[in-house]
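K.L.:
Please see the structure below; I have some questions.
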There are 2 protein chains.
Amino acid sequence: MAIGVFDSGIGGLTVYSSIIEKFESLDVYYLGDTARVPYGNKSEETICRYSLECANFLIEQFDISCLVVACNTASSFALNFLRSKVSIPVIGVVDPGAKQAAYFTKNKKIGVIGTIGTIKSNSYSKSIKNLDPSIEIYQNPAPLLVPLVEEGRINHKITKLALKEYIQPLVNKGVDTLVLGCTHYPVLKEEIHKLYPELILIDSSLAVLPEIEKCIDLSGGDTAKRLIFTTDRTEAFELLKQRIVGDIKSEKVDLKEFV
Amino acid sequence: MAIGVFDSGIGGLTVYSSIIEKFESLDVYYLGDTARVPYGNKSEETICRYSLECANFLIEQFDISCLVVACNTASSFALNFLRSKVSIPVIGVVDPGAKQAAYFTKNKKIGVIGTIGTIKSNSYSKSIKNLDPSIEIYQNPAPLLVPLVEEGRINHKITKLALKEYIQPLVNKGVDTLVLGCTHYPVLKEEIHKLYPELILIDSSLAVLPEIEKCIDLSGGDTAKRLIFTTDRTEAFELLKQRIVGDIKSEKVDLKEFV
């Protein structure tokens, strides 16, 4: 039994890390499309094409039984498209995050931060409204947070200023719950908590686990293979990989043949 | 007589704008690789491959006589590679910028800001040292400036803080000249000038013009065609295109056939 996880780049490793910790016996493969990262500033058509290429690679190479789209932008734009093209279950990060947010909010006011693409898609808003139409949702794109995380500026005055700028308007609206709608953001969870200790933070890297559990068969005696693939080899990826998942081997792959 | 200009995305439009203003009678074509932007966080191998695909498109479609690489990262990594692959003159933005900086500095101390890739390549440093080995060069990667410009946060406290953080250490070293080593940065020229009025700012979108002049024949009665191509269609590109070059038509193109 194998699970495939893909992301536009590095951020999805937070999801990968949660999956391998939770499902110790399963084979779990990761593909980061680092040659074309980020997806957040691309069009829907391009995001769908790239996502299908990533999915095809994982399916054809590893015969995975479940595909996890660990990228909020791809989850927002390409999920239905992927489901129409592949024959295995496809799990995105948006619906699980929305579900947890709707479950945890007490005053029915939820804030969402994400890339420009994710926020524009209204994917979280639609998904939450689908669960409970009475919930009020306030959104803010937070495009500086990805480069700040990738620069390693976690506990830094620019990061604090940016976080306040993005989150304060949502707090002013009275939200009690904040969806971290991008896989990079959980790295800033502690900083956000320090600034806004009263907020309930929804981390999609954890929210996705119960959904995976529903789709897979845990009974097989598996080999716990872990392999990480990227479409480009960069130092930034290697450094963050080391920090998030440690010594798992990574290989470069060319997606051209899986188009 | 036609000139081709390519960039990883939007930023090169500052160079394109200078070229069409200066060479009014020439045909000038632009390609922005918006489906894979940015190049600054990719590897040398990937940057070379993408750059050649962009070059081939412009050469095969428009029979250009001169190729301008309006991207500092591609100029830093792919220029020699491109020159070995195509038979027309290839002009990058690094050497012209370096030349102007070496010309303008009085105290022979030059600062350079750019993407992580450009700074790591040491391309400006090598090019300046090549002209005058006695010049001291101080560099700083400034990765937040591109997303800040793309967000339109020009006159904003986060931008000011980031500019100070990136430029102050160079000023502390005594530089009198600062190379804006990324095509996005000229948009921030006024802000930088306000913070550091004593610095001479080197803008590669202007530095490139004398080099082009050497390569082209201005005598032909040309048609002044202007066309802009992108590999992805996004709202951000359309907005910045409008702001930088106005109403020039843009078209989406698929580079697959030019590989």
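Every number in this text was worked out from the coordinates using simple rules, so none of it is lab data. Given the structure is predicted, the values throughout are model-derived calculations rather than measurements. Reconstructed Cβ throughout: ideal geometry from the backbone, glycine too, with neighbour counts over all protein chains shown.
K.L.:
If we count every other residue with Cβ under 13 angstrom of B:LEU180's Cβ, Lys/Arg +1 and Asp/Glu -1, where does the sum land?
P.N.:
-2
K.L.:
Inside 10 Å of the C-beta atoms of A:226-239, what's the mean count of C-beta atoms belonging to other chains?
P.N.:
For peptide A:226-239, the averaged partner shielding equals 2.
K.L.:
OK, next. Enumerate the amide H contacts of A:GLN139 below 5 Å, restricted to partners 5 or more residues apart or on another chain; note that Pro and chain-start residues carry no placed amide H.
P.N.:
A:VAL112
K.L.:
Something else about it: State the three equivalent ellipsoid semi-axes of the range B:94-204, derived from the C-alpha gyration tensor as the square roots of 5 times its eigenvalues, in descending order and whole Å.
P.N.:
So the equivalent ellipsoid measures 22, 14, 11 Å along its semi-axes.
K.L.:
Turning to a different aspect of this structure: Using the Kirkwood formula on the Cα atoms of chain B, what hydrodynamic radius do you get, in angstrom to one decimal?
P.N.:
After inverting the pairwise mean of 1/r, the radius is 18.3 Å.
K.L.:
Given Cβ point charges of +1 (Lys, Arg) and -1 (Asp, Glu) and nothing else, what value in debye, to the nearest 20, does the dipole of the range B:94-204 about its Cα centre take?
P.N.:
220 debye
K.L.:
Could you work out how much longer the chain between B:LEU227 and B:LYS194 gets when fully extended? Use 0.36 nm per residue separation minus the Cα distance between them, nm to one decimal.
P.N.:
8.4 nm
K.L.:
If the elastic network links every pair of Cα atoms under 10 Å, which of B:ILE91, B:ILE119, B:ILE158 fluctuates the most in the Gaussian network model of chain B?
P.N.:
Fluctuation is largest for B:ILE158.
K.L.:
A further question on this structure: Shortest first, in nm, what separates the label point of A:SER134 from those of the same position in the other copies (7 Å along Cα→Cβ)?
P.N.:
Result for A:SER134, in nm, nearest copy first: 8.0.
K.L.:
Averaged across B:48-55, how many Cβ atoms of other chains sit within 10 Å of each residue's Cβ atom?
P.N.:
Counting other chains' Cβ atoms within 10 Å and averaging over B:48-55 gives 1.
K.L.:
Toward the positive end of the charge dipole of chain B, about the Cα centre and with charges on Cβ (Lys, Arg +1; Asp, Glu -1), which of B:LEU170, B:PRO210, B:PRO186 goes farthest?
P.N.:
Checking the options against the dipole of chain B, the answer is B:LEU170.
K.L.:
By how many degrees, between 0 and 90 and to the nearest 10, does the Cα long axis of helix A:157-172 differ from the longest principal axis of chain A?
P.N.:
Between helix and principal axis, roughly 70 degrees.
K.L.:
Ok, one more. Over all residues in B:179-188, what is the mean tally of Cβ atoms on other chains that come within 10 Å of each residue's Cβ?
P.N.:
0
K.L.:
Ok, one more. Compute the acute angle (0 to 90°) between the alpha-carbon long axis of helix B:94-104 and the principal axis of greatest extent of the alpha-carbon atoms of chain B; round to the nearest 10°.
P.N.:
For B:94-104 against chain B, the angle is about 40 degrees.
K.L.:
When the helix-only estimate is applied to the protein assembly as shown (DSSP H runs of n ≥ 4, each -39,500 (n - 2.57), divided by the residue count), what is the mean residue ellipticity at 222 nm, nearest 500 deg cm²/dmol?
P.N.:
Taking each H run of at least 4 residues, the total per residue is -13000 deg cm²/dmol.
K.L.:
Per residue, what volume in Å³ does the Cα convex hull of the range A:1-74 take up?
P.N.:
Spread over its residues, the Cα hull of the range A:1-74 gives 72 Å³ apiece.
K.L.:
Taking a label point 7 Å from Cα toward Cβ, how far is A:ASP176 from its twins in the other copies, in nm, shortest first?
P.N.:
6.4
K.L.:
Here's something else I'd like to know. Suppose every K and R has +1 on its Cβ and every D and E has -1 on its Cβ; what is the size of the dipole of chain A about the Cα centre, in Debye to the nearest 20?
P.N.:
For chain A, the charge dipole is close to 860 debye.
K.L.:
Applying a 10 Å radius around every beta-carbon, put B:92-100, B:224-232 in order of their mean neighbour count, most first.
P.N.:
Taking the mean over residues of other Cβ atoms within 10 Å, the ranking is B:92-100, B:224-232.
K.L.:
Given H placed on each backbone N at 1.01 Å, which residues far from B:GLY92 in sequence or on other chains put an amide H within less than 5 Å of it?
P.N.:
Close amide H contacts, sequence-distant or interchain: B:VAL69.
K.L.:
Angle between the Cα long axis of helix A:13-22 and the longest principal axis of chain A, 0 to 90 degrees, nearest 10?
P.N.:
Tilt relative to chain A: about 70 degrees.
K.L.:
Provide an ascending nm list, one decimal, of label-point separations from A:LYS214 to the equivalent residue in each further copy; define each label point as 7 Å from Cα along Cα→Cβ.
P.N.:
Here A:LYS214 shows inter-copy label distances of 6.6 nm.
K.L.:
Here's a follow-up. Measure off 7 Å from each Cα along the Cα-to-Cβ vector at B:LYS256 and A:LYS126, then give the distance between these two points in nanometres to one decimal.
P.N.:
If labels sit at B:LYS256 and A:LYS126, their model points lie 2.5 nm apart.
K.L.:
Further question: Give me the dipole magnitude in Debye, nearest 20, for the range A:6-59 about the Cα centre, with unit charges on the beta carbon: positive for Lys and Arg, negative for Asp and Glu.
P.N.:
It comes to approximately 140 debye.
K.L.:
Near the amide H of B:ASP27, under 5 Å away, which other amide H atoms are found, from residues 5 or more places off or on another chain, if H is placed in the peptide plane?
P.N.:
Residues meeting the amide H criterion: B:ILE3, B:THR223, B:ALA224, B:LYS225.
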